[in-house]
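As structure tokens, the structure follows; a few thoughts come after it.
The values are calculated or read from the model by the stated rules, or taken from the named source; none is laboratory data. The structure presented is a predicted model; accordingly, all values stated were derived computationally and were not measured. Neighbour counts run over all protein chains shown; Cβ positions are idealised from the backbone, glycine included.
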Amino acid sequence: MKITRITLPDNFDFETDIPVLFGDINYGNHLSNDAILRMTNEARIRFFYSMGLSDFDISEGDGVTIMMRNAVIVYKGEGFHGDIINTKVALGEYENYDFELFFQLIRRSDSKEIARVQCDLVCADIKKRTLTKVPESFINKINLLKQQKK
């Protein structure tokens, strides 16, 4: 059986702490797979907000939204109720209509890696309900953020 691997970028563009809530725990008494996706969605929203953007408009007023094309999760460890998960976010490659976001989830208390996630997102025009190119203003904001981190 082929093992899926996610190679993370060398640097991350944003990080935030997200607690593991009781509702995030499954019957195995650890962090559930659907909760990991919710945590990455929350981290993505916080990342966009930090740049003055939102999921509903990553184009600064032109009405370009995003939709998830796919997501891959590679589990590295367990998370438990009450853990604080440091969630790092990085923009990967982008072209035409889509871009990648990478996430690394690390338990704060002992620096144990919990999961790696790669999401492929497509851009869409809300009003026309059609795919649209990744906004240049979005890419410019990311590039500026990357330059400031160097």
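So that you can scan it fast, the table gives a plain yes or no per residue for (1) in contact with a strand residue (DSSP E or B) (Cβ under 6 Å, 6 or more places away or on another chain); (2) closer than 27 Å to LYS149 by Cα; (3) not β-branched (Val, Ile, Thr):
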| site | (1), (2), (3) |
| --- | --- |
| ILE3 | no, no, no |
| ILE6 | yes, yes, no |
| PRO9 | yes, yes, yes |
| PHE12 | yes, yes, yes |
| ASP17 | yes, yes, yes |
| TYR27 | no, no, yes |
| HIS30 | no, no, yes |
| ALA43 | yes, yes, yes |
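Test of understanding: among THR65, THR16, which residue is under 12 Å from the mean Cα position of the chain (by Cα) and of a type outside the set (A, V, I, L, M, F, W, C)?
Answer to the selection: THR16.
Which numbered condition in (1) touching a strand residue (DSSP E or B) at 6+ places or on another chain (Cβ under 6 Å); (2) within 21 Å of ILE18 (Cβ to Cβ); (3) part of a loop (DSSP other than H, G, I, E, B) is the only one that VAL134 fails?
It fails just one condition, (2).
For residues in the range 10-37 being surrounded by 15 or more Cβ atoms within 10 Å (Cβ to Cβ), out of contact with any helix residue (DSSP H, G or I) (no Cβ under 7 Å at 6 or more places or on another chain) and not hydrophobic (A, V, I, L, M, F, W, C), which is nearest to ASP83 (Cα to Cα)?
Here the residue is HIS30.
Scan the range 1-53 for residues that are aliphatic (A, V, I, L, M) and part of a loop (DSSP other than H, G, I, E, B) and jot them down.
Passing the criteria: MET1, ILE3, ILE6, LEU8, VAL20, LEU21, MET51, LEU53.
Restricting attention to the range 97-112, report how many residues are surrounded by fewer than 18 Cβ atoms within 10 Å (Cβ to Cβ) and touching a residue at least 40 places away in the same chain (Cβ under 8 Å).
Selection size over the range 97-112: 1.
Tell me, which residue of the range 113-136 that is closer than 13 Å to TYR94 by Cβ and either among the charged types (D, E, K, R) or surrounded by fewer than 15 Cβ atoms within 10 Å (Cβ to Cβ) (or both) is modelled with the lowest pLDDT?
The qualifying residue modelled with the lowest pLDDT is GLU136.
Give the residue that is surrounded by the fewest Cβ atoms within 10 Å (Cβ to Cβ), with candidates limited to residues of the range 54-96 that are without any contact (Cβ under 8 Å) to a residue 24 or more places away in the chain and part of a loop (DSSP other than H, G, I, E, B).
GLY61
Filter the range 27-53 down to residues that are among the β-branched types (Val, Ile, Thr) and in contact (Cβ under 8 Å) with a residue 12 or more places away in the chain and give me whichever is farthest from GLY77 (Cα to Cα).
Out of the qualifying residues, it is THR40.
For the range 85-105: of the residues being of a type in the set (D, E, K, R) and touching a strand residue (DSSP E or B) at 6+ places or on another chain (Cβ under 6 Å), which is nearest to GLU136 (Cα to Cα)?
Once the filter is applied, the top-ranked residue is ASP98.
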